[in-house]
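The values are calculated or read from the model by the stated rules, or taken from the named source; none is laboratory data. Being a predicted model, the structure only gives us computed values, none of them experimental. Glycine gets a Cβ as well: all are built from the backbone with ideal geometry, and neighbour counts include every protein chain shown. Side chains are part of the model used for accessible areas, which takes the heavy atoms of the whole protein and leaves out ligands, DNA and RNA. Shrake-Rupley method; radii C 1.70, N 1.55, O 1.52, S 1.80 Å.
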Amino acid sequence: MRIRVTLAAVLVVGIALVGGALVLVALLGNVLTGQVCQDSRERAEQLAAGNDRQTSTATELIQWVDPADAGGRIASPGSGCVAVEPPGYTEDFVFASAPYGAGEVIVGRPLVDVLDSTRFVRRVLVVGVPLMMGVVGGVTWLVTGRMLAPVTAIRREVDEITAAELHRRVPAARRDEVGRLATTMNRMLDRLQRSHESHLQFVSDASHELRSPIATIRQHAEVARAYPDRTCVTDLAATVLAEDLRMQSLVDDLLLLARADEEPAARPDTPVDLDDVVFAAARKLREATNLTIETSAVSAGQVRGDRAALARMVSNLADNAARHARSLVTFSLSESAGGVLLTVADDGPGIAPADRSRVFDRFVRLDPARTRDSGGAGLGLAIAAKIAHTHGGTITIDTSPPGGATLTVTLPGPAGLAR
């Protein structure tokens, strides 16, 4: 880039200098020739006004032309000036005339001074233009080098940053375009560092969650092998099956989140009656728990999206509410011009305002003493938030009237996601 900028600057300046030099020489020649022409005309008028006929000298040619010998004139300037090389001379003259009686007087002056002046200017330009181009090239090379030095420093720093050194940043002390580039690079490195740390935490948490069912299966298997006469095959099979289902559910959740992170989800475009999805989730809660499930505030509401994903979102919200509710879970659904509003509320302990932003993080449990069997893996709300975001919606948390938690999902209506 430095070479290209320098060559471009030299080329542009060279074209401008050469063009300017040609114009300068041409203008100088015209001006000086015009001055000689004016001097010749004034000299001819002066001679015509005099009484004696002067003859040619070393610096001028004078010819008195009578009507009888007009054919022998050395030049025919007419009313203006003409530049010609008269016979017997090796240089050009500028001739001007003035009327003298019935004839005229013609005065010619040499252009040697004009030619010498323009020749001198050409020599100066022949030397000066390349010299100026060299100066421009050198200055451009030095200035470009100083300007690109921070870019080189940024490139070297970025080239040395590895996955284990994402905490490093490029220098961003300047306040110009290069400084803004460095600031942008540092913001990118911040995102990469957060993403890398998030992936490391994700792998660590996933490994930790999978250890529990694996350890349980191994413990029961070792007991069954050590004490076969004291082991009930039915109990062992039930334990292994329960832990296997638990692992399968966890792996499915991890796979869903991993795919959502790695691949942008396709834009949903299928009409979904969200009220049917909510009634189905409420019916499952009634069958699986002894809680009171309230759905009287559920009205019609249609969105566009993936029905299975939306059902997973509602199911996760319902399971979360049922896990913390004392006796009541309430669903409500309404549709307006701004979209569809879904709320799931419980009468449990609620969620503190300080914790409402992080409950959507993965593997988050607000109660450290809660067991993994009763508390789940901490992925339900993270998955629900991811599905809502994919469908162009949001999830917020507030306090329910009974004092528990209210999770509100706002989704665009059918027109909001229409292609």
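Go ahead and set up a Gaussian network model of the chain, Cα springs under 10 Å, then flag whichever of Gly145, Gly50, Gly403 fluctuates most.
Of Gly145, Gly50, Gly403, the Gaussian network model singles out Gly50 as fluctuating most.
So the label point goes 7 Å from the Cα of Ala8 along Cα→C-beta, right? Which residues of the range 115-140 then have their backbone N under 20 Å from it?
Backbone N within reach: 133-140.
Under a 1.4 Å probe, what is the accessible area of the chain per residue, stated in Å²?
On the way: 24600 Å² over 419 residues.
Accessible area per residue, the chain: 59 Å².
Please report, as a whole percent, how much of the solvent-accessible surface of the chain comes from carbon and sulfur atoms (probe radius 1.4 Å). If you can, show how the numbers build up before the last one.
Working: 14170 of 24600 Å².
With neighbouring chains kept in place, the figure for the chain is 58 percent.
Is it possible to state the helix-based mean residue ellipticity at 222 nm for the chain, with each DSSP H run of 4+ residues giving -39500 (n - 2.57), the sum divided by total residues, to the nearest 500 deg cm²/dmol? What is it?
Taking each H run of at least 4 residues, the total per residue is -19500 deg cm²/dmol.
Using a 4.7 Å cut-off between beta carbons, which cysteines in the chain end up with no partner cysteine at all?
Isolated Cys, the chain: Cys232.
Between Ile395, Ile387, Ile15, which gets the highest mean-square fluctuation from a Gaussian network model of the chain, Cα cutoff 10 Å?
The residue that fluctuates most here is Ile15.
Pick from Gly128, Gly339, Gly350: which residue has the top mean-square fluctuation in a GNM of the chain where Cα pairs under 10 Å get a spring?
Most flexible of the set in this elastic network: Gly128.
What is the local net charge at Val129, summed over the other residues whose Cβ is closer than 14 Å to its Cβ (Lys, Arg +1; Asp, Glu -1)? Kindly include the intermediate steps, with their values, before the conclusion.
Working: positive: Arg122, Arg123; negative: none.
Local net charge: +2.
Which value, in debye to the nearest 20, gives the size of the charge dipole of the range 37-181 about its Cα centre, when Lys and Arg are +1 and Asp and Glu are -1 at the Cβ?
Numbers: 16 positive and 19 negative charges, 256 e Å.
Here the range 37-181 has a charge dipole of around 1240 debye.
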